[in-house]
4 protein chains.
Amino acid sequence: MNTFGRIFSISIFGESHGKGVGIVMDGVPTGIPLNEDDFSEDLSRRKSGAKGTTPRIESDLPKIMSGTWNGFTTGAPLMVFFENTNVRSSDYDKFRDTPRPGHADFTSGVKFKGFADPRGSGHFSGRITLGLVAAGVVAKKIISPVHIQAHILELGGDDNPERAIDNITGTGDSIGGIIQCTATNMPQGLGEPFFGGVEATISSLVFSIPAIKGIEFGSGFGAAKMRGSQHNDAWISPEGKTQTNNAGGVNGGITNGNDLVFRVVVKPTSSISIPQQTINLKTGKIETLTVEGRHDACIALRVPVVLEAATAIGLADLFLLSKI
Amino acid sequence: MNTFGRIFSISIFGESHGKGVGIVMDGVPTGIPLNEDDFSEDLSRRKSGAKGTTPRIESDLPKIMSGTWNGFTTGAPLMVFFENTNVRSSDYDKFRDTPRPGHADFTSGVKFKGFADPRGSGHFSGRITLGLVAAGVVAKKIISPVHIQAHILELGGDDNPERAIDNITGTGDSIGGIIQCTATNMPQGLGEPFFGGVEATISSLVFSIPAIKGIEFGSGFGAAKMRGSQHNDAWISPEGKTQTNNAGGVNGGITNGNDLVFRVVVKPTSSISIPQQTINLKTGKIETLTVEGRHDACIALRVPVVLEAATAIGLADLFLLSKI
Amino acid sequence: MNTFGRIFSISIFGESHGKGVGIVMDGVPTGIPLNEDDFSEDLSRRKSGAKGTTPRIESDLPKIMSGTWNGFTTGAPLMVFFENTNVRSSDYDKFRDTPRPGHADFTSGVKFKGFADPRGSGHFSGRITLGLVAAGVVAKKIISPVHIQAHILELGGDDNPERAIDNITGTGDSIGGIIQCTATNMPQGLGEPFFGGVEATISSLVFSIPAIKGIEFGSGFGAAKMRGSQHNDAWISPEGKTQTNNAGGVNGGITNGNDLVFRVVVKPTSSISIPQQTINLKTGKIETLTVEGRHDACIALRVPVVLEAATAIGLADLFLLSKI
Amino acid sequence: MNTFGRIFSISIFGESHGKGVGIVMDGVPTGIPLNEDDFSEDLSRRKSGAKGTTPRIESDLPKIMSGTWNGFTTGAPLMVFFENTNVRSSDYDKFRDTPRPGHADFTSGVKFKGFADPRGSGHFSGRITLGLVAAGVVAKKIISPVHIQAHILELGGDDNPERAIDNITGTGDSIGGIIQCTATNMPQGLGEPFFGGVEATISSLVFSIPAIKGIEFGSGFGAAKMRGSQHNDAWISPEGKTQTNNAGGVNGGITNGNDLVFRVVVKPTSSISIPQQTINLKTGKIETLTVEGRHDACIALRVPVVLEAATAIGLADLFLLSKI
């Protein structure tokens, strides 16, 4: 199920080591100014190359293949494509027999009966999120002036991300982290009843990002230790401003106009250089596996802009629905 | 958006103080034995009446209105209805002007332009989850022999739930809690790629349950402090058994056959007897609001069976999809 | 798949001889005045009892079970239920072994593996269209001031419907007919590109009505004999009025503001009193089958209001989408 | 709404004179052998160049951009792209002010508020059906051994298509026609109840093909003159064979295993060289419009393979659903 959204409806496709990855966005309103440069800033934030990220560097040049004319969206489906250029696929075949711990090698093998493209995790690669980022750029325009900002709260348990990266570098191991996402200038009334609520919409998008293991809105897991008299956010203005924001900006699945706030946890990158134990599916014997290649010691570093994109995509769909 | 699911597709309806609440389930396989008694056990687990729950007691008798014949599902839509019998709606009108903190009074007012049924929170009432529980009963049959069990880990920060309830009783205040849900006997290969992954599917259902503020799978937020070498679950059998289960039974959105494990946090019940501050939307003045009526001091007590239902519904849809 | 629509989303349920039939309508805008009397006129047009229709008379009293409060729609799902009262199910079991020609006995047996409710065709009964008519009443309010009117063009090849009915009455046989449906006061710009065009939307709803075998828009099958210079509708006003209306009010799947016009053909009622040949599925022998019971000699008589409903439902969904 | 299908779910994109057109197919089963040559035969049947078709000749080379590996489908989305190479867009701007009769210039202008790409009808071009044909090739593999064959019954009212083309050639005018589509080797039990029936599914796809004005199944409009005793297809074998096939292979929306048969009418091509009357939307004055460029005198000639594709796509979705 590679499609999401009722109005702003996106379909992703592509593989890590195939011809490229891309996304089709349907339901984009007409008349939005859009050109390929508009994607640069968010794409560069997702890029690797910095300390703690993989040295595989892709140019990540977005090509708008349909849906714009004379620099504006036309109302027709918007397709953005990213060619794969820096591909090395030497040795992924072995993971079909000796699945990497933490990866989808085993489950994609079951699911796709051995036909999944194994190169660079194929369609299960984090590279697929390029399309999400591209859709996020368009979604941010749709929901303007809402402003979404995600930032790292801690990495590897350290609230000093740089120090955490320094500590992990060179160990061959990896760390995860916690990222907070905040949307300001929020309109009221976004969110559909029950299954279409804001938390339901955003969480289902967020869990599509590889490596996310949890999400909490507002007070989140901290709410478990609070009393109702502490947790309830008092209304302090007729416009809906609240004194506290334990709700994270959402009541009954619908935005109240206060900041939308949530946090996610990113697990430590599954690909590590340290030898690991796994099973050989053919021989049934335990083997030691070394995952070579180029890895992110901390994939969480690259997640914030993807998280913003997922949030923007969800809000854009709800925003368009709210016009009805 | 009161409909969920691609194959096992459910549509909920109803209000807390209207004629009743119910659910239509489409895509139910034919030939499943089903009668009204089958709902009793799960419905009784959701019931109020115990210490810490509201004294409003509804009979909650399910009526199968369509979709079965001679005690078996027919393949036609299955409709289950619950009549409302014990309704007191004296005094909800005032919440339209002085919205209750923590409730959807304000946001539903915005969203539905003043036309939302305010009685007992109307369509935003937790009573709507009766339909979910009913669908959960059917879903559990569909995914048999998968066994889903949710239980309370802690209430109000106390890992002794009874003590926590004793402490809150009579204070007029409320507490929340953390609930863990585990599915055993899991088949492998459930989950669709990207937007249709297991975590995405379950989280979007779980956040439809009122009062849920967060969800984490497997290691969850604890993953933020782990290293990859600790977090990766080593494969130890060709059947896919892993040594640890930090993944919570899911890799790349697809089940690996190990137990599916996740936890949710339930906020403290918003309805409390303690006076609270709110705004009068008409006068613009701060007022003190006392929410009378019958409340749950700890709604988390009634959530486990609803959580099981949400899980079963999501898994049933993925299970049916996996047959293709 | 008993659900239709992206915004005005309806879910039908029920069986001919079960507890009743009904419909859940999601996405109904708030604030529409609605009470049970509003359904009377359209329901009475669908009723049987007139010459050429079955003598089975149901009271067809609609009950609004959710979604309204104080006489207005609330934005929550609207459920309308019709109890079955006049039910005789003596002898449907035999059709499982000796399927009636023209009916769904055989195919529903295959599809639902013998579990389909056979009584009165169960979920395949024309009685299910009661829900459609109810949704049509709501849809007509949504798209007001659009006016939809369907009328019979011919029955049994005779452009005098009364004469046609007189001729068939008492023969034990049945006739079909052609019905034209016209929507006036049409807004421009309804219809989504490609798969969501007006013709695609309406046709998929219309073919859900039992007994419909074909549909043609504007010039329809007559277009096969025309030249482009005749068929093209010249634009004669900047508001989009055309000189002719061979397009039936739709270009490229999108309404042009001229009348929406289409015709459907209704096959002769499959239930006839005349003995028919069929196969006994168990013995493999040809048998003579007499379908007793109460039948419509011409079901087409009851179709116009159902056709209006299907049209209104489709247009309502497109109308709500066009607000985005 | 450029997406269709619940399981075999396709998303089209592209414009006539942009970078290209394409399609994303989600839900393709794994392990289907597929390479670019597999598309050749159907694409060549859609091609122009023959008498009666436009002299604009595109190479129409399909590029599989994702979803296959080592010559088999992987279960990931399959994207097929067709570059536009032979593009001349000199003079489409004028149609925004003086809309062509029979075309979507006027309605797309309204719908997309003046932002639609006007070049070669943009996203409303028949060129978009290239993606449908590509999806049809895959769909035909999915439903094998079902065999679908469409052929022209008559063109311009003449049952000798060649003569019809000879007569229209050089006149600057255009003709339409009637095409029959038959699927043999049909499995029983395809089709979902009510809104997901075979006729509903196929008709909604077929009306997405530009220029289709009507569709009829089995006896079609001829049923209006028949009696039930003539129209009912007697069952003559326990396997579901019928003596006649007035039903067109479908009862109650579900296939009965007999041939699926339907006919469509294609209107005469809207683009003609003969001068036509239209309105100037800016001046409000009637003008004479001459549509220059390269046209099909009879677009119906190119429709059969597109019709087969639409049929295969619908059946593939229903076939995959039937596995559940």
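The values are calculated or read from the model by the stated rules, or taken from the named source; none is laboratory data. Remember, predicted model here, so these are calculated numbers, not experimental data. Note: ideal-geometry Cβ built from the backbone for every residue, glycine included; neighbour counts use all protein chains shown. For accessibility, only protein heavy atoms count, side chains too; no ligands or nucleic acids. Shrake-Rupley method; radii C 1.70, N 1.55, O 1.52, S 1.80 Å.
The table below gives the values:
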item	result
Solvent-accessible area per residue for chain D (1.4 angstrom probe, square angstrom)	32 Å²
Other-copy label distances relative to C:T288, 7 angstrom Cα-Cβ extension, nm	7.2, 8.7, 9.0
For residues of D:70-83, the mean tally of beta carbons on other chains within 10 Å	6
log₁₀ of I(q)/I(0) at q = 0.04, 0.10 Å⁻¹ - the protein assembly as shown, Debye sum with one point per alpha carbon	-0.22, -1.45
Axis-nearest residue in chain A [Cβ, rotation onto D], distance in whole Å	A:S11, 2
Cα-based reach from C:K282 at 23 Å (exclusive), listing lysines while leaving out same-chain residues under 8 positions away	C:K94, C:K111, C:K113, D:K241
Pairwise burial D:C, computed as accessible area of each alone minus the pair, summed, 1.4 Å, Å²	7700 Å²
Label-point separation in nm, C:H151 to B:H151, each point 7 Å along Cα→Cβ	7.2 nm
Shielding by partners - mean other protein chain Cβ count within 10 Å, residues of D:256-265	3
Radius of gyration, Dmax [segment A:1-84; alpha carbons; angstrom]	14.1, 41
Top of C:S44, C:S11, C:S121 by mean-square fluctuation, Gaussian network on chain C, Cα under 10 Å	C:S44
Inter-site label distance for B:K63 and C:I57 at 7 Å from Cα along Cβ, in nm	2.6 nm
Estimated dipole of the protein assembly as shown in Debye, rounded to 20 [Cβ of Lys and Arg +1, of Asp and Glu -1, Cα centre]	0 debye
Sparse-neighbourhood loop sites, trypsin sites (Lys or Arg not before Pro) in segment D:284-324 - DSSP loop, at most 11 other Cβ within 10 angstrom	D:K285, D:K323
Value at 222 nm in deg cm²/dmol, rounded to 500, when DSSP H runs of n ≥ 4 in chain A each add -39,500 (n - 2.57)	-6500 deg cm²/dmol
Gain upon complete extension [C:N70, C:E162; 0.36 nm per residue less C-alpha separation]	28.8 nm
At 7 Å out from Cα toward Cβ: C:T171 inter-copy label distances (nm, ascending)	4.0, 8.2, 8.9
Gyration tensor verdict on segment D:89-148 (Cα atoms; rounded if a/c is under 1.5, prolate if a/b is larger than b/c, oblate otherwise)	prolate
Prolate/oblate/rounded call for chain D, Cα gyration tensor, a/c under 1.5 rounded	oblate
Tensor-based shape of segment C:65-187 (alpha-carbon gyration tensor, a/c under 1.5 rounded, otherwise prolate or oblate)	oblate
Across the identical copies, how the C:A234 labels are spaced - nm, sorted shortest first, 7 Å along Cα→Cβ	5.6, 7.4, 8.5
Probe 1.4 Å, all protein chains present, accessible-area order of B:D38, B:D117, D:D159, largest first	D:D159, B:D38, B:D117
Length-normalised contact order for chain C - Cα pairs under 8 Å, 6+ apart - percent	23 percent
Normalised contact order of segment A:256-324, rounded percent, pairs of Cα under 8 Å and 6 or more residues apart	27 percent
D:S40-D:A234 FRET efficiency (beta carbon distance; Förster radius 45 Å; 0.05 resolution)	0.55
Farthest positive-ward along chain C dipole, Cα basis, beta-carbon charges - from C:G102, C:P161, C:T269	C:G102
Segment A:82-182: relative contact order as a whole-number percent, Cα under 8 Å and 6+ apart	19 percent
Ranked order, B:S125, D:S40 - accessible area, probe 1.4 Å, largest first	D:S40, B:S125
Sparse-neighbourhood loop sites, GluC sites (Glu not before Pro) in segment B:241-324 - DSSP loop, at most 15 other Cβ within 10 angstrom	B:E292
